[in-house]
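Enquirer: Structure in structure tokens, see below.
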Amino acid sequence: MKIDTVALIETPEGTDLHADLAGLLPRTLAYIIDFLIRVGIIIVVWVISLLLGGLGTGIFLIAYFILEWWYPVLFEVYRDGQTWGKKAYKIKVVNDDLTPVGFGPSLIRNLLRSADFFPLFYAVGILSVVFTARFQRLGDLAAGTIVIYSEPDSYDSSALDQVEAVAPAQLINEDQQLAFVNFALNRGKMSKDRQEEIAEIIRPRLPLNVDKASDYVRGVGKWLLGAR
């Protein structure tokens, strides 16, 4: 299983954007909150509908349809990608280029919740989140959306202040970029000795003039985060 990590996006202007991806746990907890909210509203509407006879039945069915299919879409489009549940856990839906999600992508990702639910209890959706690089369920893959933290994860930047940004000596793929950034921000909360030990593993791939491997790795991470 993957842990929450960073999405790096290069804009056409050459600027690197980054955001913390939300994994399975916060998304599940946010869904539970939204589910309980919808259930609570439906119960209230159902009680009221009992007093209205045939008209009440129609109102109940319309309310159920809106809450089941339009509640997440309207919130994601008009409330900065956040339902009440997502807001509680400080996560939100965005396009995979980190731009605000629009009506079309939000509608697609939510209509495909039925596919994610198959065969039971969102089994397919859970597997998709766990085994995709950006924690995307089927609806996200089809809509081109991701779920990120709305507030950046806090970290100690003092280590970055002590190193210079360094352009990588060779081309590195996206997974390698994420590894450099995570190391630079010390997202694993590693001790200094452990950081040195891990950095030394890749010394054979570093330029010969590099004295301290950990500083070089942090420098590349700092460069990837936008320092030039």
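The values are calculated or read from the model by the stated rules, or taken from the named source; none is laboratory data. Here the structure is a predicted model, which is why all the values come from computation and not from measurement. Cβ placement follows ideal geometry from the backbone for every residue including glycine, while neighbour counts extend to all protein chains displayed.
Enquirer: Can you tell me which residue in the range 69-97 is surrounded by the fewest Cβ atoms within 10 Å (Cβ to Cβ), limited to those that are among the hydrophobic types (A, V, I, L, M, F, W, C) and part of a helix (DSSP H, G or I)?
Expert: Here the answer is W70.
Enquirer: Only one of (1) within 11 Å of L160 (Cα to Cα); (2) of a type outside the set (V, I, T); (3) surrounded by fewer than 18 Cβ atoms within 10 Å (Cβ to Cβ) is not met by N173, so which one is it?
Expert: With (1) within 11 Å of L160 (Cα to Cα); (2) of a type outside the set (V, I, T); (3) surrounded by fewer than 18 Cβ atoms within 10 Å (Cβ to Cβ) applied to N173, the lone miss is (1).
Enquirer: Continuing with this model, one more query. Could you name every one of the helices (runs of 4 or more DSSP H) located completely within the range 98-138 that has at least 3 residues being surrounded by fewer than 19 Cβ atoms within 10 Å (Cβ to Cβ) and either under 18 Å from the mean Cα position of the chain (by Cα) or not assigned by TED's automatic domain parsing to the domain that holds Q82 (or both)?
Expert: On the way: elements: 103-111, 113-117, 123-131.
Helices (runs of 4 or more DSSP H) meeting the threshold: 123-131.
Enquirer: Among the residues of the range 95-104 satisfying the criterion of being in contact with a Gly (Cβ under 9 Å, 6 or more places away or on another chain) and farther than 24 Å from A179 by Cα, which is modelled with the lowest pLDDT?
Expert: P100
Enquirer: Next up: I'm checking my understanding of the structure. Among residues of the range 105-149 that are of a type in the set (S, T, Y) and closer than 20 Å to D80 by Cβ, which one is modelled with the lowest pLDDT?
Expert: Of the residues in the range 105-149, the ones of a type in the set (S, T, Y) are 106, 114, 122, 128, 132, 145, 149.
Keeping just the survivors that are closer than 20 Å to D80 by Cβ gives 106, 145, 149.
On the way: S106: 96, T145: 97, Y149: 89.
Only one residue tops the list, namely Y149.
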